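The values are calculated or read from the model by the stated rules, or taken from the named source; none is laboratory data. A quick note: this is a predicted structure, and the numbers were derived from the prediction, not measured. Quick reminder, even Gly has a Cβ in these numbers, built from the backbone with ideal geometry, and neighbours come from all protein chains shown.
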There are 2 protein chains.
Amino acid sequence: MFSSDELLQQVNAALEAQASSRTPQSLYAPIHYVLSMGGKRLRPVLLLMAYNLYRDEVAPAMPAALGVEIYHNFTLMHDDLMDRAEYRRGKPCVHHVWGENAAILSGDTMPLLAARHILSAGMPALMDCFLETAIQIQEGQQYDMEFETRNDVTEDEYIAMIHHKTSVLLACALKLGAIQAGAPTADQEALYRFGEQLGLAFQLQDDYLDVYGDFATFGKRPGGDILCNKKTYMLINALSKATPAQHARLQQWLDATDYNPEEKVRAVTNLYNEIGVAALAHEKMNECYTLAEQSLAQVALPDSRKEVLLQYARSLMNRQS
Amino acid sequence: MFSSDELLQQVNAALEAQASSRTPQSLYAPIHYVLSMGGKRLRPVLLLMAYNLYRDEVAPAMPAALGVEIYHNFTLMHDDLMDRAEYRRGKPCVHHVWGENAAILSGDTMPLLAARHILSAGMPALMDCFLETAIQIQEGQQYDMEFETRNDVTEDEYIAMIHHKTSVLLACALKLGAIQAGAPTADQEALYRFGEQLGLAFQLQDDYLDVYGDFATFGKRPGGDILCNKKTYMLINALSKATPAQHARLQQWLDATDYNPEEKVRAVTNLYNEIGVAALAHEKMNECYTLAEQSLAQVALPDSRKEVLLQYARSLMNRQS
C-alpha cells in the first residue's frame with residue numbers, strides 16, 4: 001500500500017504533467033497557477049487511498065483524483081473572488097493577478113476539465129456522484145454567503161452548510177475511489193460516511209485554527225474569521241451561550257465599523273475563552289471524528305488494510321496547518 | 001416529423017417543468033430567471049431536429065437538448081457579467097438583479113445541471129462531445145476578451161474566435177442528436193460541419209444586424225458593437241480595406257473618449273457604407289451558409305427527411321431578430 005506522502009507526490013506529479021498544451025495560453029495560466037499552489041491534496045489522496053484499499057496500483061484512479069482536486073481548486077478560486085480575498089496560501093489570488101474576468105472565465109473552465117478527467121475513468125457512476133456533489137457544494141457556498149448577513153444562524157444550519165461546502169467532496173472522493181476499485185456497495189457507502197464525518201471534523205478544526213492556530217504553521221494570520229464576523233461554529237455558539245453581558249460585548253464588536261483589527265481579534269478571542277466555545281468546538285470535532293472512525297470500521301476489510309487511511313485521518317486531526 | 005415551432009414549444013415546456021425543488025431557492029432563482037427569458041432555443045431545437053431525422057419521437061433527446069440550452073444560458077449569464085452588460089432580451093441582467101456574486105455562483109451551478117442532463121442520456125459519447133465543446137466555448141470567450149484590447153485582429157482570427165464561441169455549440173447540438181439517435185458516424189460528422197458553418201453564418205449575421213438591424217424587431221439598440229469598438233467582421237474589414245483617409249477617420253472614432261453615442265454610431269456606419277464592408281459581411285455569410293447546405297446534403301438521408309432542418313436553417317438566415 002502507498003503511504004500518504006507517496007500518494008501526495010504522485011498527485012503533484014500528475015497535476016504538473018497534465019498542464020495543457022491548449023490555447024489560448026492566457027486562459028490556462030490562472031488554472032496552472034492555482035493548481036501549482038500546493039496544499040495537502042486531501043481529496044485526491046483520499047480518493048487514491050480508497051482505491052488502494054482494494055487494488056495494489058493507483059494509476060487507474062489518478063484521472064478521477066485529478067478531477068476532484070481541479071474541482072476543489074475551482075471552488076477556491078471563485079470563493080476567493082466572491083470574498084474579494086487577497087491571498088491564498090501566501091500568494092496573491094487569481095483575480096488580483098489577472099483581474100476578475102480572468103478569475104471568472106478561467107475558473108469556469110475548471111469544472112469542465114475536472115469532468116473530463118472523471119469521464120475518462122469510463123464509469124458513469126463516477127460522473128453521477130461527482131456532479132451531485134459539485135451541485136451540493138454550490139448550494140453550501142450559497143448558504144455560507146447568506147449566513148454573512150444573518151445573525152440567527154443555528155448550529156444545525158451551520159453543520160448543514162459545512163456538510164455541503166466541505167464534507168461532501170471528501171466523501172465523494174472516497175466513494176469515487178471505492179467505486180472505481182469495484183468495492184462492494186456497502187463499503188462505498190461506509191467510506192462516504194467516513195468522509196462526511198471527517199470533513200465536518202476537519203472544517204470545525206479549520207474554524208478553531210483560524211482563532212487559535214499559529215500564524216507560522218497555519219499559514220494564515222489568526223482571526224480572519226473574527227474580522228469578517230464569519231458565522232463559525234464558535235461565533236454561533238458564543239452568541240447562543242453568552243450571558244447577557246457577554247452577548248452585549250460580543251454584539252458591540254460585531255457591529256463595530258471603526259476599530260483596530262488586532263484589538264477586535266484579541267477581544268473576541270477573550271470572549272470565546274470566557275464563554276468556553278473552544279472546548280465546545282473541540283467536543284463537536286471529536287464527536288464527528290469518532291463517527292468517522294466508526295464508519296471506517298464498517299468497511300469490510302481487515303484492519304491492517306485500513307491502517308494507512310486511519311493514520312492519515314488521525315494525522316489530519318493533529319495538524320497545526 | 002416535428003416542425004420547428006412544435007419543437008420550440010416542447011423545449012420551453014421541458015425547461016419550465018425541470019424547475020428545481022432543490023434548496024436554497026436563492027441559488028436557483030437566477031437560473032430560473034435566465035432560462036425563462038425565452039429566445040429562439042436554437043441549440044435544443046437543432047438537437048431535437050437532428051434526432052428527429054432518424055427517430056419519430058423526440059422525448060428521449062430532451063435531456064441532452066436541455067443540457068445544451070442550460071449551458072448556453074450559463075455562457076450568456078457570465079458573458080454579461082464580464083461585459084458589465086445591463087440588459088439581456090430586454091430584461092435586467094442577473095448581476096443587476098441579484099448582484100455579481102449571485103451571477104458567479106448561480107452561473108457556476110448551470111454547467112453542472114447541464115452535464116447532469118447530458119449524463120442522464122446514458123451515452124458517454126454525448127458527454128465527451130459536450131465537454132470538449134464547452135471547453136472550446138471558454139477558449140473562444142477568452143479570445144473575444146483579448147480582441148477588445150488589440151487593434152491587429154485578423155479576419156482569420158476573428159473567424160476562429162466565433163467558431164469557438166458560437167459555432168461549436170450549434171455543431172455539438174446537432175451531433176448529440178445524431179449520436180443519440182444512432183446515426184452513422186459519417187452523418188454525425190456531416191451534421192457537425194453543417195452546424196459549424198451555420199453557426200458562422202449566424203454570428204456574421206448577428207454582427208451585421210447589430211449595425212443594420214431594426215431596433216423593434218432585433219430587440220437591441222443598433223450600434224452596440226460600434227460603441228464598444230467590438231472587433232466584428234465589419235470593423236476588422238473596415239480597418240483593413242479603408243483608404244488612409246477613411247482609416248484615419250475610423251481610428252479617430254475608435255480612440256474617441258468623449259462623444260455623442262448616436263453620432264459615433266452614425267459616423268462609423270457611414271464609414272462602413274463607404275468602405276463597403278456590409279457587402280463583404282454578406283458575401284462571407286453566404287459563403288458559410290452555402291457550405292452549411294453542402295454539409296447537410298452529405299447526410300445520407302432522403303431530401304424530404306431533411307426538409308424541416310433545411311427550412312429552419314434558411315429561416316435563420318432570413319431573420320430580422
Which residue, of A:309, A:209, A:271, A:316, is more than 26 Å from residue A:40 (Cβ to Cβ) and assigned to a helix (DSSP H, G or I)? A:271
Which residues, taken from the range A:10-26, are within 14 Å of chain B (Cβ to nearest Cβ) and outside any loop (DSSP other than H, G, I, E, B)? A:25, A:26
Test: residue in the range A:167-181 that is within 14 Å of another protein chain (Cβ to nearest Cβ), of a type in the set (A, V, I, L, M) and part of a loop (DSSP other than H, G, I, E, B): no
Residue A:189 vs. criteria modelled with pLDDT of 95 or more and either in contact with a His (Cβ under 7 Å, 6 or more places away or on another chain) or under 19 Å from residue A:293 (Cα atoms) (or both): yes
Sort through A:227, A:204 and tell me the only one that's touching a Phe, Trp or Tyr at 6+ places or on another chain (Cβ under 8 Å) and farther than 20 Å from residue A:118 by Cβ. A:204
Restricting to the range B:140-160, name every residue that is closer than 22 Å to residue B:288 by Cα and of a type in the set (D, E, K, R). B:144, B:155, B:156, B:157
Output the residue which, of all residues in the range A:159-189 that are surrounded by 23 or more Cβ atoms within 10 Å (Cβ to Cβ) and either small (Gly, Ala, Ser) or touching a strand residue (DSSP E or B) at 6+ places or on another chain (Cβ under 9 Å) (or both), is farthest from residue A:46 (Cα to Cα). A:183
Sort out for me the helices (runs of 4 or more DSSP H) sitting completely within the range A:27-124 that have 1 or more residues that are facing chain B (nearest Cβ under 10 Å) and surrounded by fewer than 21 Cβ atoms within 10 Å (Cβ to Cβ). A:62-83, A:100-120
Kindly evaluate residue B:152 against the criterion of being part of a loop (DSSP other than H, G, I, E, B), more than 14 Å from chain A (Cβ to nearest Cβ) and either free of Cβ contacts under 8 Å to residues at least 12 places away in the same chain or farther than 30 Å from residue A:125 by Cβ (or both). yes
In the range A:244-268, residues that are of a type in the set (Gly, Ala, Ser) and outside any helix (DSSP H, G or I) total 1
Select from the range A:192-246 the residues that are among the basic types (Lys, Arg) and at pLDDT 95 or above and list them in ascending order. A:193, A:241
Among A:210, A:214, which is the only one that is among the acidic types (Asp, Glu), more than 30 Å from residue A:51 (Cα to Cα) and crowded, with 19+ Cβ neighbours inside 10 Å? A:210
Residue A:140 - would you say it is touching a Ser or Thr at 6+ places or on another chain (Cβ under 8 Å), within 11 Å of chain B (Cβ to nearest Cβ), crowded, with 21+ Cβ neighbours inside 10 Å and not hydroxyl-bearing (Ser, Thr, Tyr)? yes
Single unsatisfied condition, residue B:127 versus (1) under 19 Å from the mean Cα position of the chain (by Cα); (2) assigned to a helix (DSSP H, G or I): (1)
Kindly check whether there is at least one residue in the range A:85-92 that is of a type in the set (Phe, Trp, Tyr), modelled with pLDDT under 95 and within 19 Å of the chain's Cα centre (by Cα). yes
